[in-house]
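The values are calculated or read from the model by the stated rules, or taken from the named source; none is laboratory data. Because the structure is a prediction, the values reported are computed rather than measured. Here Cβ is always computed from backbone atoms with ideal geometry, including for glycine, and neighbour counts include all displayed protein chains.
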């Protein structure tokens, strides 16, 4: 056989090499022995090389027995497997055996059928994104590459995606729809609307005869019976369910006056979530002018309805609790607010009473009595309407007011003046003088006494020596 | 007695009344009001409190079903038959 130029193959070998997808392939007439036939050697090319793709032979190897180390053999296998398009990017169906998670988060399992098994690994990055839990005996379809694992002399499948078998095509379609709608911004957090804290009316879209409606009505009635419940019945599974959900949402929107919509169904075995993953239903949720809360009871991680809704709850019961406040809690808050109000009023009265002595406008008792009368009236009406802590504060405020009234009658300005005190006023507006600061020498002050007033001129100012 | 010049709480929703009540309480507890202003704020606050309190107490369960007919949208009582307790009791059409 004459020398074969590098990169060309004999007819059968060439077909095999092309079939295996190998980049370079060189035939050697006697396996394991390099012959000149395979090398472009000659007098002018003493150092010609033969590159087999996994080992380079030189002309010195001619006629020698080729002995590979285990690592070299493994390297050759890795090369052949790694460059073979029939062993890369495969979809393999099988049953899961011995699934376990490594400390690094890698997922290990065996894929088996009646006749063979292959060890599989899914690296942590992909394993974290896996939408379901891998379980013993589960039928799955795995996408991955075959790899030779040298340290253990085995081959294994490096899994990129795992899908429950049977659901495969459907699941793939769902993932694709999610990606498409996601790109449109339908699931964007920025598109989510806040829920009203105290909804005036609650819309419910679910089956009229399902347990979900009974649960929702029970919770709504228990927590916040003030909000009327408007039920727009819809089919939640089977033929026409998605259309029915769209129509119900539109009906509620047209009726108006509904502050929030609960959309859902109960969970349980044999659940059919197709309607909640249907494109038209998902779009209708986003297009609904009223905030929508999804409450689809299910085992899987998500439905597209959950992702598109303004908020999601795991069950209809939880959804109902999410859309309305709890009457008991709100009641408590209301009573606390009333108590704070009564306390504020109480403090205002105490403050006012403290200032009474210094206020020139209270020199005559008439406005004070009016104020007191008004205060008593307000407080006593209020007291009958308030409960608990608020009423107690009010009682204290009233007692305080009464006490201040009595005190004022006894020691109000007129009585004080009779006892020998005087009040100094300055300026045309007769402001009471409470400090020496700002008093000018020669300034005129008016001094009030019990039976009249005296006009005086300032002849000296001395700070108090303490 | 409510004085003239302010919204009657009767027209307010629960949420509006509660928010208004909270602003009155804030004004009162900030302590910057005169006694007259404080009394007025307090009086209004009590009205609002009663309004909210009445709304919380006087709730009557109303459940209606939307039905689309040739005449448009109608609301009819929800027929759930003898079912779970509390879900078929005090129900009636929303006026």
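With A:296, A:300, A:274 as the choices, which residue is over 21 Å from residue B:72 (Cα atoms), more than 14 Å from chain B (Cβ to nearest Cβ) and crowded, with 23+ Cβ neighbours inside 10 Å? Steps first, answer last, please.
Details: A:300 fails: crowded, with 23+ Cβ neighbours inside 10 Å; A:274 fails: crowded, with 23+ Cβ neighbours inside 10 Å.
Only one candidate passes the filter, namely A:296.
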- [ ] Sort through A:72, A:135 and tell me the only one that's over 11 Å from residue A:162 (Cα atoms), in contact (Cβ under 8 Å) with a residue 24 or more places away in the chain and loosely packed, with under 15 Cβ neighbours inside 10 Å.
- [x] A:135
Open item on the list: If residue B:51 meets every condition in (1) within 8 Å of chain A (Cβ to nearest Cβ); (2) modelled with pLDDT of 80 or more; (3) within 27 Å of residue A:324 (Cα to Cα) apart from one, which number is that one?
Closed with: (1)
TODO: Being within 14 Å of another protein chain (Cβ to nearest Cβ) and surrounded by fewer than 21 Cβ atoms within 10 Å (Cβ to Cβ) narrows it down to one of A:194, A:228, A:189, so name that one.
DONE: A:194
Task: Residue list for region A:114-152, restricted to those being assigned to a loop (DSSP other than H, G, I, E, B) and modelled with pLDDT of 90 or more - done: A:115, A:116, A:123
Open item on the list: I'm trying to understand the selection: among the residues of region A:305-333, which are surrounded by 24 or more Cβ atoms within 10 Å (Cβ to Cβ) and not in a loop (DSSP other than H, G, I, E, B)?
Closed with: A:305, A:306, A:308, A:316, A:319, A:320, A:323
Open item on the list: Can you pull out every residue in region B:55-75 that is at pLDDT 85 or above, more than 7 Å from chain A (Cβ to nearest Cβ) and part of a helix (DSSP H, G or I)?
Closed with: none
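Filter region B:7-19 for residues that are outside any loop (DSSP other than H, G, I, E, B), modelled with pLDDT under 80 and in contact with a helix residue (DSSP H, G or I) (Cβ under 9 Å, 6 or more places away or on another chain); which is nearest to the other protein chains (Cβ to nearest Cβ)?
Checked region B:7-19; the qualifying residue nearest to the other protein chains (Cβ to nearest Cβ) is B:9.
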- [ ] Give me the pairs, please: first residue somewhere in region A:424-437 and over 18 Å from residue A:459 (Cα atoms), second residue anywhere and in a loop (DSSP other than H, G, I, E, B), beta-carbon distance under 8 Å, and either six or more positions apart or on two chains.
- [x] A:432/A:359
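Just to check your reading of the model, which residue among A:344, A:351 is within 11 Å of another protein chain (Cβ to nearest Cβ) and modelled with pLDDT under 75? If you could, list the steps in order and put the result at the bottom.
Details: A:344 fails: modelled with pLDDT under 75.
Of A:344, A:351, the one residue that is within 11 Å of another protein chain (Cβ to nearest Cβ) and modelled with pLDDT under 75 is A:351.
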TODO: Identify the residue in region B:20-40 that is at pLDDT 85 or above and at the interface with chain A (Cβ under 10 Å from one of its Cβ atoms) and, among all such residues, is farthest from residue A:257 (Cα to Cα).
DONE: B:27
Task: Close pairs (7 angstrom Cβ cut-off, 6 or more residues apart or separate chains): in contact (Cβ under 8 Å) with a residue 24 or more places away in the chain and within 10 Å of chain B (Cβ to nearest Cβ) in region A:237-261, assigned to a helix (DSSP H, G or I) and surrounded by 18 or more Cβ atoms within 10 Å (Cβ to Cβ) anywhere - done: A:258/A:252
Open item on the list: Any residue at all in region A:194-203 that's part of a strand (DSSP E or B) and under 30 Å from residue A:324 (Cβ atoms)?
Closed with: yes
Open item on the list: Yes or no: region A:146-165 includes at least one residue that is loosely packed, with under 14 Cβ neighbours inside 10 Å and closer than 25 Å to residue A:273 by Cβ.
Closed with: no
